[in-house]
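Remarks on the structure that follows.
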Amino acid sequence: MGFFSEFKEFAMKGNVVDLAVGVIIGAAFGKIVSSFIEDVITPLLLKPALDAAHLSTIEQLTAFGGVKYGVFISAVINFIIVAFVLFLIIKAMNHAKKKDVAPPPPAGPTQEELLTQIRDLLKNK
């Protein structure tokens, strides 16, 4: 088997394709979350604090002459939102899986009970 055919076989496995789709969707979701933070959260919730500091974005917050802790705060907010949304998605998927699972069939007689019945039947003959 040639190198390219092995690579094609590897790349076309279900897990690799699923991972690629997940990475692409994750990147797009990251842009949505970044826009949500910069365009919605910051203007609505942080606007008074930023105005008091004479700043327009949270990323401009600095301390000690250049430590950009505003970028870090923005990344933390970003992470919390992404983690919360993923938690909700996984919780919904787990809830849907629980509904799909059929209850186990009723338990039949145990091996000991069957052997006891066979023994009793043989005694009666």
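Structure notes:
- Temperature 10 °C, viscosity 1.306 mPa s: under these conditions the Stokes-Einstein estimate for the stretch 3-124, based on its Kirkwood radius over C-alpha pairs, is 77 µm² per second.
- Extension gain for V21-E112 works out to 27.5 nm (0.36 nm per residue, less the C-alpha to C-alpha distance).
- In this structure, A102 and S5 have a Cβ-Cβ separation that, at R0 = 25 Å, corresponds to a calculated FRET efficiency of about 0.05.
- Inter-label distance for F79 and K123, nm, one decimal - labels placed 7 Å from Cα along Cα-to-Cβ: 7.0 nm
- Dipole magnitude for the stretch 3-124: computed about the Cα centre from +1 point charges on Lys and Arg Cβ and -1 point charges on Asp and Glu Cβ, it is near 160 debye.
- Among E59, E112, E38: highest mean-square fluctuation, GNM of the chain, C-alpha pairs under 10 Å: E112
- Max mean-square fluctuation residue, GNM over the chain, Cα-Cα springs under 10 Å, options D18, D51, D39: D18
- For the chain, built as a Gaussian network whose Cα springs stay under 10 Å, the top-fluctuating residue of L55, L88, L19: L19
- Rel. contact order, % - alpha carbon contacts under 8 angstrom, at least six apart, the chain: 14 percent
Read-outs throughout are calculated quantities, based only on the coordinates presented, and are distinct from any laboratory measurement. Every value quoted in this text rests on a predicted model; they were computed, and no experiment measured them. Ideal geometry is used to build each Cβ from the backbone, glycine not excepted, and the neighbour counts take in all protein chains shown.
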